[in-house]
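One structure is given below, encoded as structure tokens.
The values are calculated or read from the model by the stated rules, or taken from the named source; none is laboratory data. As the structure is a prediction and not an experimental result, all values here were calculated from the model. With ideal geometry, Cβ positions are generated from the backbone for all residues, glycine too; neighbour counts draw on all protein chains shown. Please note that ligands, DNA and RNA were not included when accessible areas were found on the heavy atoms of the full protein model with its side chains. Shrake-Rupley method; radii C 1.70, N 1.55, O 1.52, S 1.80 Å.
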Amino acid sequence: MDFLNRSTQYLGWIVKEHPWLAYVLEIVVLLVLAWAVRRLILGYLVRWAARTQTSFDDNIVDLISSALRPLLILAVVAVTLNSVPIPAYILALCNRILTLGTIAVALYYVYQAVLIGSTAWLARTTDRQTLLEPARFFIRIVFAGLAVTVLLDNLGVSLTALWTTLGVGSVAIALALQDTLSNFFAGVYLRLDRPVRPGDFVKLDSGEEGVVASLGWRSTRIQTLPNNVVVVPNAKLASAIVTNYSMPDPAMSLLVPISVSYDSDPDQVEHILIEEATTAAKEVEGLLPVPAPFVRFIPGFGDSALNFTLICRVQTFVDQYLAQHELRKRILARFRREAISIPFPQRDIHLYEHSKNGPGVAGKESHAGSASRNSM
């Protein structure tokens, strides 16, 4: 006990003789406390994150770990400066700088936390993943505006005049950038409503068709089958009637019209078409065997032919071209082997010779024959 009293008295004498040692001891104590608080908080958070299976809480713990260090350093510096006898105007300036630094650090890490949370939520399903970039852009704009507002407010800048100026300027900017803003908000709508997605095969009511190569903020690029790119402004795309051949499923039905002579047996024709389509589905890429091909006697009785429709299933929109090519070649070859003819329209032309006595007297009728043309 006496040793402790003597040590305390000796320490008090040293501090009295050397006042700067008190500040050093205070700083050391603050640093030790800050280190202990950081270790205590991080230890609890690490144990909490270890009990979960998701990576979200691990990212949050890493963020808190990186945020505690600058915040505790700023706190130690603030306490130290307010303990040291320095001039009042210097102390006020230092406190203002430390306040701005603390606000900036806090805003930055809050922004990072919101970014991590929104990314984890949007990444849960593939439908939300297209909203990642718009969400990040919106979060950046909000926190940038908040940071500028807080900074100007702490610097003593009046925000009333600033908001008035921004209000008038925003109207002028909106009028000058009307088309650009229209395309921008149309791009937001396209990303939220998702009528088209990158990789979808679409056709617009204006005639353009192709694969959606990219969905930008101002325009959408569609790669056509001849390997050209059509740039469509988002406002035009948002208001257009769009046929999306990739939704809800990229597989689609393929209808192949077939015409045969009236002398043909419909049951035989149906059997041949189904047999050839079933065989082709096993050999032609993109032609699906399930569901099985089938035939309908539609549209039925034509002017010079019996009209059938062969209905198959193809994997994607572009697969129909190869499938139709192969099916038509196989069907034509089979019809020739089975002696089933594909008719073409015929027209009879009758020539009349009128008598010189007048139009009321019928003349001689002669049959000039028939003219024919191949049907497509």
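Once you list every other residue whose beta carbon is under 13 Å from the beta carbon of ALA339, what net charge do they have if Lys and Arg are +1 and Asp and Glu are -1?
0
Order LYS282, LYS203, LYS329 by their accessible area, 1.4 angstrom probe, all chains in place, largest first.
LYS282, LYS329, LYS203
How large is Rg over Rh for the range 217-345, taking Rg from the Cα atoms and Rh as the Kirkwood inverse mean of 1/r across Cα pairs? Walk me through the numbers before you get to the answer.
Working: Rg = 18.6 Å, Rh = 16.8 Å.
Ratio value, two decimals: 1.11.
Within 13 Å, Cβ to Cβ, of GLU208, how many net charges do the neighbouring residues add up to if Lys/Arg are +1 and Asp/Glu are -1?
Value of the local net charge: +1.
Quick one: net charge of ARG330's neighbours, Cβ under 14 Å, K/R +1, D/E -1?
Value of the local net charge: +1.
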